[in-house]
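FYI, it's all coordinate maths here, none of it is from the lab. None of these values were measured; they are calculated from a predicted model. Reconstructed Cβ throughout: ideal geometry from the backbone, glycine too, with neighbour counts over all protein chains shown.
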Amino acid sequence: MLQLTVNGQPRQADPDVRTSLLDLLRDSLGLVGAKKGCDHGQCGACTVIVNGRRINSCLSLAVMHDGDEVTTIEGLGTPEQLSAMQQAFHEHDAYQCGFCTPGQICSATAVLEEVRMGWPSHVSQTLDDAQALDRAEIAERMSGNLCRCSAYPNINDAIAEAARKPDHQAKADGGERP
């Protein structure tokens, strides 16, 4: 029996060993936010956060995640109380058809944590200091998430704004979120 925590809730499942995490989330647990786009890990529509790191859930077998903590778009906020990233996407109209949006938001949420932890990207100017979250840095870090509608300028603006939000700044400064 597979046991994992999904969006803060303990969940159990008994999937076939060939079942992807994406299929477990969508078909067994009814969490349809993560999308099956390419099913080859090339589009990022299936991005979820596992133990604090973003992954393409279509490429990961569910049985590999026994005991893991999984956060999907459904666990980041609610319609009544959006996360800072969800709010920024809404305010910047950072979506068109919306198909890629859950994966974009999960990935972008993890990007802010990567930056907070000082992880460099391929375009980072240095390996030693905090990274400036400029357009090039955002584009590089989000390069695994495709938007077929080409809402990239708005997505970049939304991520940059969410990085400036007080709840992210408190976390980045070592404090807790309110």
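Summarising the amide proton neighbourhood of Ala34: residues at separation of 5 or more, or on other chains, whose placed amide H is nearer than 5 Å comprise Ile73. The HN-Hα couplings worked out from phi for segment 68-80 by the Karplus form 6.51 cos²θ - 1.76 cosθ + 1.60 (θ = phi - 60°) are 7, 9, 10, 10, 10, 4, 5, x, 8, x, 10, x, 7 Hz, whole numbers, x standing for Gly and Pro. Once both labels are positioned 7 Å from their Cα atoms along Cα-to-Cβ, the gap between Thr5 and Ser150 label points is 4.3 nm. Length, then width, then depth: along the principal axes, the Cα atoms of segment 45-98 run 37, 22, 15 Å. Binning the alpha carbon pair distances of the chain at 5 angstrom intervals from zero yields the distribution 1, 9, 17, 21, 20, 15, 11, 5, 1, 0, expressed in whole percent. Close amide H pairs (under 5 Å, H built 1.01 Å from N) link Ala45 with Gly37, Cys38, Leu146, residues at least 5 positions away or on another chain. Here the extension length gained between Arg135 and Glu80 equals 16.8 nm, from 0.36 nm per residue of separation less the Cα-Cα distance. Sequentially through segment 4-18, phi angles give Karplus couplings (6.51, -1.76, 1.60; θ = phi - 60°) of 8, 9, 10, 6, x, 10, x, 9, 10, 7, 10, x, 4, 4, 8 Hz, Gly and Pro residues having no value and appearing as x. Counting only DSSP beta bridges with both residues in the chain, the antiparallel share comes to about 85 percent.
Residue-normalised convex hull volume from the C-alpha trace of segment 2-75: 72 Å³ per residue. For segment 2-75, a simple Cβ point-charge model (Lys and Arg +1, Asp and Glu -1, everything else neutral) yields a dipole of about 260 debye relative to the Cα centre. Mean separation of Cα pairs under 8 Å and 6 or more residues apart, divided by the residue count, gives the chain a relative contact order of 22 percent. Other residues whose C-beta falls under 14 angstrom from the C-beta of Arg135 contribute a net charge of -4, scoring Lys and Arg +1 and Asp and Glu -1.
Grouping the Cα pair distances of segment 84-172 into 10 Å bins from zero gives a pair-distance distribution of 18, 53, 25, 3 percent in increasing distance order. Backbone amide hydrogens, once placed in the peptide plane, bring Asn7 within less than 5 Å of Val70, Thr71, Thr72, excluding anything fewer than 5 places away on its chain.
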